[in-house]
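Visitor: Right, I'll just put the structure down here and ask away after.
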Amino acid sequence: MKRRRLLAGPYLFWSVSFIIIPLFLIVCYGLTKADGGFTLENAAHITTPENLKALGLSLLLAFLCTLICLVLAYPLAMILSQSSISQSSFIVLIFILPMWMNFLLRTLAWQTLLEKNGVINTFLSFLHLPQINIINTPYAIVLGMVYDFLPFMVLPIYNVLIKLDKDMINAARDLGANSAQTFVKIILPQSIPGVISGITMVFVPAMTTFVISDLLGGGKVLLIGNVIEQTFKQGSNWHLGSGLSLVLMIFVIASMGIVNKYDKGQSGGSF
Amino acid sequence: MSNKLIDLVHISKTYGTNTVLDNLDLYIRENEFLTLLGPSGCGKTTTLRIIGGFETPDSGQVIFDGKDITALPPNKRQLNTVFQRYALFSHMNIAENIAFGLKIKNKTKKYIDDKIRYALKLVNLDGYENRMPDSLSGGQQQRIAIARAIVNEPKVLLLDEPLGALDLKLRQDMQYELIRLKNELGITFVYVTHDQEEALTMSDTIVVMNQGYIQQIGTPETIYNEPENAFVADFIGDSNILSGIMLKDRLVNILGTPFQCVDEGFGTNTPVDVVIRPEDVNLVKPEDGMIRGIVTHLIFKGVHYEMEVMANNYEWLVHSTDMFPVGTEVGIRVVPFDIQIMNKPISEDEEAVNIEA
Ligand SMILES: Nc1ncnc2c1ncn2[C@@H]1O[C@H](COP(=O)(O)OP(=O)(O)OP(=O)(O)O)[C@@H](O)[C@H]1O
Ligand SMILES: [Mg+2]
């Protein structure tokens, strides 16, 4: 027992100094005025029209990004889990390779690609095709988010699928289910935990990002992350920034709560 | 019990460089209880999976009721499988597990409910409808797997060591239940086990396998009393397997002593393997024996004593209700009928035999 406590020491230190204390500071700043008195004003600031718009847009884009990631990732994870070891490790490598590069660089790369006179448009005009002008629009932001966060959706789903008992699938086939029925009744419900953690791992960073919207939105598209960033850096208003962060945190936690509840309702009910 | 329901023709299966089945031929008759028996890794599960459709043979055909079903997917085959590791659907409760096949076949709710109740009663788990598979013991899960398969009333039931996780008492009960099921429902059973006692108790036909080759096919009595080679003799029950020389018809030289036997047609002065079951070795007074020996080990086994007797440089395994203490000099007698003569392995097929034995 004593030894275990000793081993837990570093983690305890780490989580206190880098999670608990910062969180505590945010709560403190968020719920106080500059003179130190208690207030809810900072958090209530979310209701100004431009902040609400930013929050709404963040929710929408994060939702879209999560949805697109899910639609792309699930089939991919299926293919990966079913292909032979050598094949799948090659495909996994293709997916992991970009992740070795800094995510800022990857986003910057998209900026260069999508620019008005960027690589893609140059290529399109060379082929006498119409140009695409999505840089500095929400579309570019969603594209960047999907590109950056897709692996976080693929990996958890791939992980549950690869661990799925093959004989469970065989048993379903044996009992008369065709491949579609087997997928709907066995594979999909069995993979829900992976889908849930994939959604969490994509939705949360997508909801809170400000770098991607900065780089691909060109400062024209404001997400809630940008609003908070600006409040901290340009306005130097730590109280207001923390208050807004608190609201965002509550939104994220609430969204995850809904997702998890939906999951429980799913697996508990009849099939 | 006459027509072939399933016919495996020249089946071969290789994983990488590991040839698991090599040109296997086997047929299963309607309403037969056929057991595949053999040591771990000999290809029993692979054979079963080929019949079930989860594995395609590299060559050869699976014929079901006269039709070639080699390429037919499992859901189109009129048979159900009880998997070695249960494979229950962990996200469904017990009732949903059992109902799975019936719901796919669009049976009415009443029919399904009746079937669930019937099946749970059969496997002695009434009232478990709403439990989740994870909350059941291994033996209980195994019985649910059986219930889930039989409610579909398949023509053939494939069972892969379905009683492996049960304790002795429950295993015996389930053995009787399975035999009763077979007789009541007229289901053909293909049963996999490495428990020779279970095979002897339940089967109409036993197929003894080793390293992907069939060693012998026969009724439990034939397999036990007339093993065709040393592997079968060794695998089915305890036995004394000795090298001998067939001097002429009905006379065999065992460890330097001629013994009367009943086998003929091995020629003269032919090297053979000789099997004598331990219960067929009679211990008598030294002067009455055909050979003499000294008792070296003695264990009480419940029904009988198990002894080892050193005679003619061989440790004879003996089962007897009479007890001879260690160190006693005894005589050994074997009646001619209890001496089983077998050819020594010659072909490559039979070579596999000696490695395990
Ligand atoms: N999918 C597979 N890939 C590679 N080798 C396999 C595969 N399945 C089985 N084998 C090999 O085939 C051989 C026979 O396996 P099988 O499962 O048929 O044995 P078994 O007789 O059922 O044994 P047990 O009594 O242990 O269940 C083994 O050597 C095993 O390693
Ligand atoms: Mg097996």
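Visitor: Arrange A:Leu60, A:Leu80 by Cβ neighbour counts within 10 Å, fewest through most, would you?
Guide: With the sparsest Cβ surroundings first, the list reads A:Leu60, A:Leu80.
Visitor: How many angstrom lie between the Cα centre of the range A:3-42 and the Cα centre of the range B:267-301?
Guide: The distance from the Cα centre of the range A:3-42 to that of the range B:267-301 comes to 84 Å.
Visitor: Over 18 Å between Cα atoms: which of A:Lys116/A:Lys220; B:Lys4/B:Lys155; A:Lys53/A:Lys233; A:Lys185/B:Lys121; B:Lys105/B:Lys155 fall into that group?
Guide: A:Lys53/A:Lys233; A:Lys185/B:Lys121
Visitor: So, one more: Which of the three applies to the range A:42-267, rounded, prolate or oblate, going by the alpha-carbon gyration tensor with a ≥ b ≥ c and a/c under 1.5 meaning rounded?
Guide: oblate
Visitor: Can you give me the distance in nm between label points at A:Leu60 and B:Tyr111, each placed 7 Å from the Cα along the Cα-to-Cβ direction?
Guide: Label at A:Leu60, label at B:Tyr111, 5.2 nm between them.
Visitor: So what's the convex hull volume per residue for the Cα atoms of the protein assembly as shown, in Å³?
Guide: It is 261 Å³ per residue.
Visitor: Further, regarding this structure: What is the magnitude of the charge dipole of the protein assembly as shown about its Cα centre, with +1 placed on the Cβ of each Lys and Arg, -1 on the Cβ of each Asp and Glu, and no other charges, expressed in debye to the nearest 20?
Guide: In debye, rounded to 20, the protein assembly as shown gives about 3760.
Visitor: Choose one answer from B:Asn183, B:Asn313, B:Asn75: the residue with the largest mean-square fluctuation in a GNM of chain B with alpha-carbon springs under 10 Å.
Guide: It is B:Asn313.
Visitor: Additional query: When the Cα atoms of the range B:214-357 are enclosed in a convex hull and the volume is divided per residue, what value in Å³ results?
Guide: Spread over its residues, the Cα hull of the range B:214-357 gives 115 Å³ apiece.
Visitor: Summing +1 for each Lys or Arg and -1 for each Asp or Glu, what net charge is found among the other residues whose Cβ lies under 10 Å from the Cβ of B:Lys13?
Guide: -2
Visitor: Okay, next question. What is the order of A:Trp100, A:Trp14, A:Trp110, B:Trp316, fewest Cβ neighbours within 10 Å to most?
Guide: Ranking A:Trp100, A:Trp14, A:Trp110, B:Trp316 by Cβ neighbours within 10 Å, fewest first, gives A:Trp100, A:Trp14, A:Trp110, B:Trp316.
Visitor: Can you tell me the dipole magnitude for chain B around its Cα centre, using point charges on the Cβ only (Lys, Arg +1; Asp, Glu -1), in Debye to the nearest 20?
Guide: The calculation lands at about 1880 debye.
Visitor: Quick check: the distance between the Cα centres of the range B:186-235 and the range A:125-172, to the nearest angstrom?
Guide: Cα centroid of the range B:186-235 versus Cα centroid of the range A:125-172: 54 Å apart.
Visitor: Which ordering of A:His128, A:His45, B:His297 is given by a fewest-first count of other beta-carbon atoms within 10 Å?
Guide: Placing the least packed residue first, the sequence is A:His128, B:His297, A:His45.
Visitor: State the antiparallel share, in %, of DSSP beta bridges confined to the protein assembly as shown, rounding to the nearest 5.
Guide: 75
Visitor: So in chain B, what percent of DSSP beta bridges are antiparallel if you round to the nearest 5?
Guide: 75
Read-outs throughout are calculated quantities, based only on the coordinates presented, and are distinct from any laboratory measurement. Model, not experiment: these values are computed from the prediction. Glycine gets a Cβ as well: all are built from the backbone with ideal geometry, and neighbour counts include every protein chain shown.
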